[in-house]
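Data first, discussion second: the structure below is written as structure tokens.
The values are calculated or read from the model by the stated rules, or taken from the named source; none is laboratory data. Note that the structure is predicted; figures quoted are calculated from it, not measured. Methodologically, a virtual Cβ is constructed for each residue, glycine included, from the backbone with ideal geometry; neighbour enumeration extends over all protein chains shown.
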Amino acid sequence: MVIQRLKIIDYRNYASAEIQLGRGVNLFIGDNAQGKTNLLESIRLASVGRSARTTRWQELIRWGAKQASVTVRVRSEAGSDEVTVRLGQTKSVLVNGFPISRMGELMGVVKTVLFTPDELRIVKESPGERRRFTDIALCQLSRGYFYSLTRYNRALAQRNKLLKGNPTDSELTVWDMQLAKEGARVTRTRRKFAERLATFAEGIHRELSGGETLSIGYEGCEGEELSEIEDALMAELEKSRARDRQFSVTHVGPQRDDLSIRSDGIDLRTYGSQGQQRSAALSLKLAEMELLKNEGGEYPILLLDDVLSELDEKRQSKLIENIKAYQTIITCTHLPEDVRERIGDVTEFRVQSGNVNKKEN
């Protein structure tokens, strides 16, 4: 999959920009605060329906403008598709010119993997970061998973709202049954994803780290079959009722699960050095690329936001070796000549004050 064209109007600091992208490595160079990250953000918005930097889409509209739009045209083995996101008093999404009624219809149309310096939090920060990583990848692979996760989150919100009152056991049981049913689907899908991801991440990490092992696991309700997980979740919800009533929040379920990340027996989430955590985060992202390709038939687009400067030469080399296989969009303030030579042919753009100009060879 490759992006052929990106067009943005009144988005962040851009009044208007239309960019024709190359099939390989695309390099956007400019000083800080010129709008490089905004370009990647707009692509990610068209990919997963939300910004990676804010939950308030109104903030994406250029100051003084009343509305904004992002259009991304992609080419895949199945043909061409175009996604347009319009932001005004409301947010709307069009796929190939037709408005979608459910956000799940957007999933998988423009597949992307985003890697920023903040993505290092996948390893060293809270379980929420690892759940977000897992969910975004799964939603791009499976619309069915997106809808299951949505139904679970809605049921969870309703149960938490009910807990703020004084619900009876029978009232809670109604929501517990829904949570257990949808939660079992979410848990089982995530666990299977972790198992498949681990097969790719292990080999990548061994090469990246010079022989260190990497094991990925899923920490959540036990069970292999849906019925087993559902029964276990139901039992945990009933057991946790007194505490849930006390604090008016649901303490068990997929919203509390985590990915375990270990290297040579060490839990990298807690005890890993910064170098080990960086290697693991990079391994996870490259493994995500391979998994999406393996199960979707073609590579997604890789978005690298000022990451090269955060990596040492060894990790840089591993990343550069991989990005030659798919379309990659890189932002940076400058690119050392030796790094440019290792990348090879690039399509280069200069970004300044919300203007993008292609460098002619």
Check your understanding: Do you know which of the residues in segment 197-242 that are basic (Lys, Arg) and surrounded by fewer than 17 Cβ atoms within 10 Å (Cβ to Cβ) is farthest from residue 317 (Cα to Cα)?
Key -> 239
Check your understanding: Which ones in segment 15-57 are buried (at least 22 other Cβ atoms within 10 Å of the Cβ) and among the hydroxyl-bearing types (Ser, Thr, Tyr)?
Key -> 42, 47
Exercise for review: Please report, ordered by residue number, the helices (runs of 4 or more DSSP H) entirely within segment 73-176 with at least 3 residues that are in contact (Cβ under 8 Å) with a residue 12 or more places away in the chain and of a type in the set (A, V, I, L, M).
Suggested key: 127-141, 143-163
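Just give me the residues in segment 121-138 being hydrophobic (A, V, I, L, M, F, W, C) and within 14 Å of residue 52 (Cβ to Cβ), in sequence order.
122, 133, 136, 137
Residues of segment 132-154 being under 10 Å from the mean Cα position of the chain (by Cα) and either surrounded by 17 or more Cβ atoms within 10 Å (Cβ to Cβ) or more than 23 Å from residue 39 (Cβ to Cβ) (or both), which ones?
Within segment 132-154, the first condition is being under 10 Å from the mean Cα position of the chain (by Cα), and the residues that meet it are 132-140.
Scanning segment 132-154 gives 133, 134, 135, 136, 137, 138, 139, 140.
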Check your understanding: Restricting attention to segment 69-79, does a residue exist that is of a type in the set (Gly, Ala, Ser) and at pLDDT 95 or above?
Key -> yes
Revision key, fill the gap. Over segment 58-86, the set of residues surrounded by 11 or more Cβ atoms within 10 Å (Cβ to Cβ) and over 27 Å from residue 327 (Cα atoms) is 58, 59, 61, 62, 65, 67
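Being over 23 Å from the mean Cα position of the chain (by Cα), at pLDDT 85 or above, over 19 Å from residue 301 (Cβ atoms) and loosely packed, with under 14 Cβ neighbours inside 10 Å: is that true of residue 357 here?
On the way: over 23 Å from the mean Cα position of the chain (by Cα): yes; at pLDDT 85 or above: yes; over 19 Å from residue 301 (Cβ atoms): yes; loosely packed, with under 14 Cβ neighbours inside 10 Å: yes.
So residue 357 fits the description; yes.
Pick out, from segment 245-361, the helices (runs of 4 or more DSSP H) lying fully within it that include 3 or more residues that are more than 28 Å from residue 195 (Cβ to Cβ), in contact with a helix residue (DSSP H, G or I) (Cβ under 7 Å, 6 or more places away or on another chain) and not polar (S, T, N, Q).
Per the criteria, 337-343.
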Point to revise | Where a residue in segment 325-352 is of a type in the set (Asp, Glu) and its partner, wherever it lies, is surrounded by 20 or more Cβ atoms within 10 Å (Cβ to Cβ), with Cβ under 6 Å and at least six apart | key: 348/27
Review point. Name the pairs: first residue in segment 270-296 and under 20 Å from residue 132 (Cα atoms), second residue crowded, with 19+ Cβ neighbours inside 10 Å and among the small types (Gly, Ala, Ser), Cβ to Cβ under 6 Å, at least 6 apart or on different chains?
Key: 279/209; 283/201; 284/201; 287/201; 288/137
Exercise for review: Out of 16, 47, report the one residue that is modelled with pLDDT of 95 or more, more than 21 Å from the chain's Cα centre (by Cα) and not charged (D, E, K, R).
Suggested key: 16
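State whether the residues of segment 76-85 include one that is more than 30 Å from residue 10 (Cβ to Cβ) and polar (S, T, N, Q).
So the first thing to find is which residues in segment 76-85 are more than 30 Å from residue 10 (Cβ to Cβ), and the list is 77-78.
Checking the rest, the ones that are also polar (S, T, N, Q) come to none.
The answer is no; no qualifying residue exists.
Need a quick list: strands (runs of 3 or more DSSP E) entirely within segment 1-72 having at least 1 residues that are touching a Gly at 6+ places or on another chain (Cβ under 8 Å). Spell out how you get there, then give the answer.
Details: elements: 2-11, 14-20, 25-29.
The qualifying strands (runs of 3 or more DSSP E) are 14-20, 25-29.
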Revision key, fill the gap. In segment 1-10, residues that are surrounded by 19 or more Cβ atoms within 10 Å (Cβ to Cβ) and within 21 Å of the chain's Cα centre (by Cα) total 3
Exercise for review: Go through segment 291-339 and count every residue that is within 16 Å of residue 40 (Cα to Cα) and surrounded by fewer than 16 Cβ atoms within 10 Å (Cβ to Cβ).
Suggested key: 1
